[in-house]
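To start, the structure itself, in structure tokens.
The values are calculated or read from the model by the stated rules, or taken from the named source; none is laboratory data. Quantities reported herein were computed from a predicted structural model and do not represent experimental measurements. Here Cβ is always computed from backbone atoms with ideal geometry, including for glycine, and neighbour counts include all displayed protein chains. Please note that ligands, DNA and RNA were not included when accessible areas were found on the heavy atoms of the full protein model with its side chains. Shrake-Rupley method; radii C 1.70, N 1.55, O 1.52, S 1.80 Å.
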Amino acid sequence: MDHFVENRGSRRVIEKNGFHYEGTIRQKVRLYTGEVKDCRCYSLTRTEFEMRNASS
């Protein structure tokens with residue numbers, strides 16, 4: 001899962017759902033305007049997902 005670096009709302013939602021920050025991919029996306037954007041990447045393993053849901 002990823003989001004544009006400047007998108008703080010997406011970052012908050014992703015982290016609240018238990019995903020862990022893995023790193024930033026520089027110049028990952030080129031928009032139709034020609035603008036190039038960096039993305040922050042997150043992951044969640046099956047074990048982490050299951051543990052999170054078991055405690056809910």
Among the listed residues Met51, Met1, which satisfies the condition of being touching a strand residue (DSSP E or B) at 6+ places or on another chain (Cβ under 9 Å) and open to solvent by 50 Å² or more (accessible area, probe 1.4 Å)? Met1
Taking the conditions exactly as written (modelled with pLDDT under 95 and touching a Ser or Thr at 6+ places or on another chain (Cβ under 9 Å)), does Met1 satisfy them or not? yes
Residues being charged (D, E, K, R) and touching a residue at least 40 places away in the same chain (Cβ under 8 Å): count how many of those fall in the stretch 1-39. 1
Here the residues within the stretch 23-38 that are part of a strand (DSSP E or B) and either touching a Phe, Trp or Tyr at 6+ places or on another chain (Cβ under 6 Å) or β-branched (Val, Ile, Thr) (or both) are Thr24, Ile25, Val29, Val36, Lys37
I need a count of the residues in the stretch 17-48 that are open to solvent by 80 Å² or more (accessible area, probe 1.4 Å) and of a type in the set (Val, Ile, Thr). 2
